[in-house]
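The values are calculated or read from the model by the stated rules, or taken from the named source; none is laboratory data. Keep in mind that what you see is a predicted model, and the values were worked out from it rather than measured. Here the Cβ positions follow ideal geometry from the backbone for every residue, glycine too, while neighbour counts run over all protein chains shown.
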Amino acid sequence: MSMSKKEEKVWEYLLKNRQAENAEVAAACDVDIPFVKNLISRIGSENWREEVPIKQTWDRAKVLDTAKGYVTKDRAADHGDMEDNFRRIALYWNAHLGLVDFIKTEDVAAMMALLKIARIHSNPIHIDNWVDACGYMACGGEVVSNLTEEDND
């Protein structure tokens, strides 16, 4: 069965923008959301958004642009406020390690980036770890930009 031009346009967009919300895909491809949902329902894998095609070329701009897309998209509705989450993670890590206010909110971003860097050591061609490390560093930069000198003591 051959695809219509509209279907081809949507598939092409989805493959290039796997994390795009259905509304974004519909708007970019000038179709309605049910059309997008119908096409997505045909995909055999439930994890298709996370699956990376066998071979893609990623230049530094694409890595950074992808990370920018992740960290600038409003994810608070799904995950809560980024800085609140980092603060909570720091509290949990401190509690787990038996520490009191040793790990700071801004440390969480650096430590999460280090987690991604450790994963890169195990699998350097998994591009998501490179992208995520950039994203965590960007989030950390935002967190520290809100700190005062007193916070740093």
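Which pairs turn up if I take residues in the stretch 56-78 that are over 17 Å from GLU24 (Cα atoms) and look for partners that are assigned to a loop (DSSP other than H, G, I, E, B) with beta carbon separation below 9 Å, at least 6 apart in sequence or on another chain?
LYS62/GLN56
What number goes with the only condition from (1) exposed (fewer than 11 other Cβ atoms within 10 Å of the Cβ); (2) under 18 Å from GLU50 (Cβ atoms) that HIS96 does not pass?
(2)
Taking into account only those residues within the stretch 104-153 that are β-branched (Val, Ile, Thr) and under 12 Å from the mean Cα position of the chain (by Cα), which is surrounded by the fewest Cβ atoms within 10 Å (Cβ to Cβ)?
Once the filter is applied, the top-ranked residue is ILE127.
Any idea which residue in the stretch 63-121 is nearest to ASN17 (Cα to Cα), counting only those that are of a type in the set (Phe, Trp, Tyr) and part of a helix (DSSP H, G or I)?
Our first condition is that a residue be of a type in the set (Phe, Trp, Tyr); within the stretch 63-121, this holds for 70, 86, 92-93, 102.
Among the residues that remain, those that are also part of a helix (DSSP H, G or I) are: 70, 86, 92-93.
On the way: TYR70: 11, PHE86: 27, TYR92: 34, TRP93: 34 Å.
By that ranking, first place goes to TYR70.
Which of (1) without any contact (Cβ under 8 Å) to a residue 40 or more places away in the chain; (2) under 25 Å from THR57 (Cβ atoms) does VAL144 not meet, given it meets every other one?
The single condition VAL144 does not satisfy is (2).
Does VAL31 qualify as being at pLDDT 85 or above, part of a loop (DSSP other than H, G, I, E, B) and not assigned by TED's automatic domain parsing to the domain that holds HIS126?
Values: at pLDDT 85 or above: yes; part of a loop (DSSP other than H, G, I, E, B): yes; not assigned by TED's automatic domain parsing to the domain that holds HIS126: yes.
So VAL31 fits the description; yes.
With the checklist (1) surrounded by 11 or more Cβ atoms within 10 Å (Cβ to Cβ); (2) modelled with pLDDT under 80; (3) farther than 22 Å from LYS116 by Cβ in hand, flag the one item VAL52 doesn't pass.
So VAL52 meets the others, but not (3).
Kindly indicate whether any position in the stretch 79-94 is under 16 Å from the mean Cα position of the chain (by Cα), outside the structural domain of LYS16 (by TED's automatic domain parsing) and within 30 Å of TRP11 (Cβ to Cβ).
Yes, that holds for at least one residue.
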